[in-house]
Amino acid sequence: MSNSSSAYGAQQPPSVPADTQRRAPLQSQPAPQTRATAAPRRILGIQPVLFVGICLLAIVTIITVVLIFVGDFESQASRVVWTVVVFLAFTALLALDLVLARRSATPLIIGVAANVYLLAVLMISIWMNGTGAVDREPWEDDFLFAELLGIVLLTILVVRAAAAGAWGLILLGNRGRASMARVIGLIAAILLGLVGVLLTLHFAIDAFGIDVGEWYWRATVAAIVVTALAASITVLLYWNRRNIDWQEAEARGEHAQPWPAQPATQWPGQQQQPAQPLPAQPSQQQSSGLLPWPTYADGTPLPMGPDGQPVFPPSR
């Protein structure tokens with residue numbers, strides 16, 4: 001005689017066609033959504049920004065070669081050395097901008113504008129400095145190398161610091177998630193770029209023998225003050241948004257977390273006693289036909305012996 005379980009287990013489900021079995025998993029899963037992405041633009045297989053940088057270097061190189069054959073040959077050594085240094089700095093900074101532009105195009109746009117300005121100002125300062133002076137002393141050529149050192153380093157530091165600060169202000173304005181924060185952040189970034197230009201443009205102006213007046217520096221100081229105001233407002237709007245987000249999250253109860261259960265602390269030197277089985281309750285003993293467990297006068301049950309029987313205290 002067969003039991004019910006074996007009889008139930010012998011039953012087989014109805015057969016399903018093989019084509020339906022192969023299509024079933026595909027029908028149960030949603031079709032993956034393919035996002036159409038536009039192909040990146042290339043110029044002769046090169047990114048447009050990199051192509052522009054290569055063209056600028058080529059143009060500056062041609063101009064430099066022409067100036068070598070036209071200008072004073074005695075001061076060409078210092079100028080050529082700092083031209084090569086500027087080329088290396090331009091290449092390194094452009095490569096850094098390309099790396100930073102993997103997630104956002106903003107640093108690439110700011111970096112390319114800063115690099116083009118750097119290349120223009122430094123080339124003018126290097127090749128036009130002292131060329132228009134008629135009564136130039138011979139010892140001035142000896143100090144040309146040190147003078148160009150200060151101009152190159154100061155220009156690169158000021159312009160790239162202004163570019164990095166402008167990118168940071170735009171980023172803070174966007175994270176403020178308000179139209180006012182975005183606008184003020186963009187204005188602060190533009191003003192900071194203007195300050196970087198005013199602090200370095202006088203090198204190229206001085207190279208042509210033109211002395212900048214007092215009003216130029218007054219305008220520079222005024223631009224620094226207004227830029228500091230716009231940058232301060234941008235930072236305050238960003239932290240205001242952070243504070244609002246924190247308060248909203250607290251109102252939703254996201255900051256409240258339950259306390260984790262802490263294990264019982266065992267003090268040093270305290271030995272853990274083995275758990276002893278509790279004696280059966282009187283109600284359970286009476287229902288099983290056994291005598292109730294004896295207790296002391298205060299109701300405390302007597303201890304249990306090795307044989308499972310209560311240990312009675314010695315009678316007086």
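Sorted on the mean count of surrounding Cβ atoms within 10 Å across their residues, most packed first, peptides 78-88, 99-109, 118-128 read 118-128, 78-88, 99-109.
Annotation for residue 68 and residue 54: the two label points, set 7 Å from Cα along the Cα-Cβ direction, are 2.2 nm apart. In plain terms, the residue of 180, 304 with the fewest other Cβ atoms within 10 Å comes first and the most crowded comes last, giving 180, 304. The relative contact order of region 48-247 comes to 21 percent, based on Cα pairs under 8 Å that sit 6 or more residues apart.
In terms of other Cβ atoms within 10 Å, 211, 206 run from fewest to most in the order 211, 206. Label separation (residue 113 vs residue 91): 2.7 nm, computed from points 7 Å beyond Cα along the C-beta direction.
With the simple model of a label 7 Å out from the Cα in the direction of the Cβ, residue 175 to residue 147 spans 4.5 nm.
With 0.36 nm allotted per residue and the present C-alpha distance subtracted, the residue 216-residue 154 stretch has 20.5 nm of extension available.
For residue 311 and residue 226, the difference between the fully extended length at 0.36 nm per residue and the C-alpha to C-alpha distance is 21.3 nm. Ordered by the count of other Cβ atoms within 10 Å of each Cβ, fewest first, 200, 61 give 61, 200.
Values in this text are rule-based calculations from the coordinates and carry no lab data. These figures come from a predicted structure and were not determined experimentally. All Cβ positions, glycine included, derive from the backbone under ideal geometry; neighbour counts span all protein chains shown.
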